[in-house]
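For reference, the structure is listed below as structure tokens.
Laboratory data are not the source of any read-out in this text; all were calculated from the coordinates shown. This one's a predicted model, so the numbers in the text were calculated from it and none came from an experiment. Here the Cβ positions follow ideal geometry from the backbone for every residue, glycine too, while neighbour counts run over all protein chains shown.
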Amino acid sequence: RGGGAGGDSDIPVVVMRPSIITSVRDDPVPGWMQGTRTIDSIIIGYAKQNLSCFLADLGLVMDVIPGDMVVNAMMAAVVAHSGEKAAPQVVYHVTSSLRSPATYDVLYQSGRRHFYENPRVGKDGRVIPTREMYFFNTIARFHLYMILTYKIPLEVRYG
């Protein structure tokens, strides 16, 4: 049968809905990432010491999943549905929070430990010290921090 607009199709439809995709776990190399997207931009911002604070409750579970695990789930879904014809649409939620919950604190402590053990080195060969990051669990606290750290000093200086 034809697969045109409004027509039936013999090809099953499988939808994958991953949570936040992060750097790979194992393949091709642990920690590898292509570009900076989603949560990886936060990790890189911290690594480069461009990100000094973040709005997040460290006790909350964040739902991230390594990119290679998403690809593995996609391949498994293709195999599982390869023999079907005109099957109803199937949706898979590819997430980590139920089986391997990780809090924002786990991400922070892992990144912190990594950058203390493997500090960045500047062009001059000197070690770039890793600084602590401030976390704010409410927008009100974040807003107060921004006022005290940036707004008031700028107003005093440039009045």
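Quick notes on this one:
- Protection proxy ranking of 94-100, 145-151 - average other beta-carbon atoms within 10 Å, highest first: 94-100, 145-151
- Per the Kirkwood formula applied to alpha carbons, the range 76-159 shows a radius of gyration over Rh ratio, Rg over Rh, of 1.26.
- Degrees between helix 67-81 axis and first principal axis of the chain (Cα, 0 to 90, nearest 10): 10 degrees
- Debye equation applied to the C-alpha atoms of the chain, log10 I(q)/I(0) at 0.16, 0.21 Å⁻¹: -1.03, -1.37
- Within a Gaussian network of the chain (alpha carbon springs, distance under 10 Å), most fluctuating of Asp105, Asp68, Asp124: Asp124
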